[in-house]
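J.: Below you'll find the structure I mean.
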Amino acid sequence: MSSTDEHNRRRVFKTYKLYVGGKFPRSESGRVYEVTDSNGTWLANAPLSSRKDARDAVVAARKAFPGWSGSTAYLRGQILYRVAEMLEGRRGQFVREVADAEGLSKSKAAEVVEAAVDRWVWYAGWTDKIAQVVGGANPVSGPYFNLSSPEPTGVVAVVAPQESSLLGLVSVLAPVIATGNTAVVVASEKAPLPALTLAEVLATSDVPGGVVNILSGRTAEIATPLAAHQDVNAVDLTGAGAELARDLEVAAADNLKRVLRPQAVDGGADWTADPGTGRLTAFLETKTVWHPTGSLGVSGSAY
């Protein structure tokens, strides 16, 4: 190809799609909306998800839940670490998208992407350790063993941060799936492109289809049916504004969903801070088992 041909070549623009059940469909409504950078310059058209897309995502997440929650914690950790490896490999692309989405310089965007990679590694390391932190043997008065162990809650709807399009997203998504839950993510309405590109990383990182489902569009339009959905077990309202969050909490109460409403709302959250274990434990249930010890005497235990 000559230099003239290269100069005249038409650029191939990326088509952004949803991520549902391990596949990349367009919205069933056929709708899209324009995504612009911080200066108002057009970047791409993103799918405008509908209520039907939200329901399809819940079906996919529920289908994936038994296999993902039943896998070993070690295996989940290996898969999350693989996500970090693949994200590192596409660092340049994410730097460009984060810079455009958040109005950052290339150097600042690079720091954000590196922090997102490190955040995946952090949570990958916790998958087989959190049970030792929140579970254990309980002292009881009687001839019983009393053991508590954490169990994943189920399908979690995650309203991703609006301002932090990648690091904030990873910070709310990774702990959900690290503990064996499956997720339906509502990407940042104004900056969905890093989330939609992250779906491509997940699809090539051994994450089973349906474990993570990513939707883009109007936050209220997607989050409202998810909060009211009877097969969703919990909701993370990090990216919801105060008024929307109240409405979603009311809808979530219908089937007693777990609701995470952080004290520091999205705009005031420091996503670079040490994440701690709070989000790991937010969507865990505690299973307690009682087992008789048998007769205990001076000669020892009999079972």
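J.: Report, by residue number, each residue of the stretch 219-245 that is under 22 Å from S171 (Cα atoms), open to solvent by 20 Å² or more (accessible area, probe 1.4 Å) and assigned to a loop (DSSP other than H, G, I, E, B).
T.: Within the stretch 219-245, N233, G241 meet the criteria.
J.: Count, please, the residues in the stretch 246-271 that happen to be at pLDDT below 90 and either surrounded by 12 or more Cβ atoms within 10 Å (Cβ to Cβ) or not in a loop (DSSP other than H, G, I, E, B) (or both).
T.: Looking only at the stretch 246-271, we keep the residues that are at pLDDT below 90, and these are 261-270.
Filter once more, keeping what is either surrounded by 12 or more Cβ atoms within 10 Å (Cβ to Cβ) or not in a loop (DSSP other than H, G, I, E, B) (or both): 261-262, 265-269.
Of the residues in the stretch 246-271, 7 are at pLDDT below 90 and either surrounded by 12 or more Cβ atoms within 10 Å (Cβ to Cβ) or not in a loop (DSSP other than H, G, I, E, B) (or both).
J.: Name the pairs: first residue in the stretch 109-135 and over 18 Å from D206 (Cβ atoms), second residue part of a helix (DSSP H, G or I) and open to solvent by 40 Å² or more (accessible area, probe 1.4 Å), Cβ to Cβ under 7 Å, at least 6 apart or on different chains?
T.: The qualifying pairs are V113/R91; V134/T281.
J.: Hand me the list of strands (runs of 3 or more DSSP E) wholly inside the stretch 131-209 holding 1 or more residues that are open to solvent by 20 Å² or more (accessible area, probe 1.4 Å), more than 26 Å from T72 (Cβ to Cβ) and modelled with pLDDT of 95 or more. Break it down into steps so the answer makes sense when it comes.
T.: Numbers: elements: 144-152, 155-159, 182-186.
Per the criteria, no element qualifies.
J.: Which count do you get for residues in the stretch 118-127 that are among the charged types (D, E, K, R) and surrounded by fewer than 17 Cβ atoms within 10 Å (Cβ to Cβ)?
T.: Looking only at the stretch 118-127, we keep the residues that are among the charged types (D, E, K, R), and these are 118-119.
Add one more test, that the residue is surrounded by fewer than 17 Cβ atoms within 10 Å (Cβ to Cβ), and what stays is 118.
Residues in the stretch 118-127 being among the charged types (D, E, K, R) and surrounded by fewer than 17 Cβ atoms within 10 Å (Cβ to Cβ): 1 in total.
J.: Do any residues in the stretch 208-228 that are touching a residue at least 40 places away in the same chain (Cβ under 8 Å) have Cβ atoms under 6 Å from those of residues that are basic (K, R) and assigned to a helix (DSSP H, G or I), where the two are at least six apart or on different chains, and which pairs are they?
T.: G210/K63; P225/R51
J.: Of the residues V159, V184, V211, V170, which single one is among the β-branched types (V, I, T) and in contact with a Gly (Cβ under 6 Å, 6 or more places away or on another chain)? I'd like the intermediate steps shown before the answer.
T.: Details: V184 fails: in contact with a Gly (Cβ under 6 Å, 6 or more places away or on another chain); V211 fails: in contact with a Gly (Cβ under 6 Å, 6 or more places away or on another chain); V170 fails: in contact with a Gly (Cβ under 6 Å, 6 or more places away or on another chain).
When all the criteria are applied, what remains is V159.
J.: With the requirement that a residue be open to solvent by less than 50 Å² (accessible area, probe 1.4 Å), modelled with pLDDT under 90 and on the phi < 0 side of the Ramachandran plot, what does the stretch 272-297 give you?
T.: T293, G297
The values are calculated or read from the model by the stated rules, or taken from the named source; none is laboratory data. Note that this is a predicted model, so its numbers are computed, not measured. In this analysis, Cβ positions are derived from the backbone assuming ideal geometry, glycine residues included, and neighbour counts consider all displayed protein chains. Please note that ligands, DNA and RNA were not included when accessible areas were found on the heavy atoms of the full protein model with its side chains. Shrake-Rupley method; radii C 1.70, N 1.55, O 1.52, S 1.80 Å.
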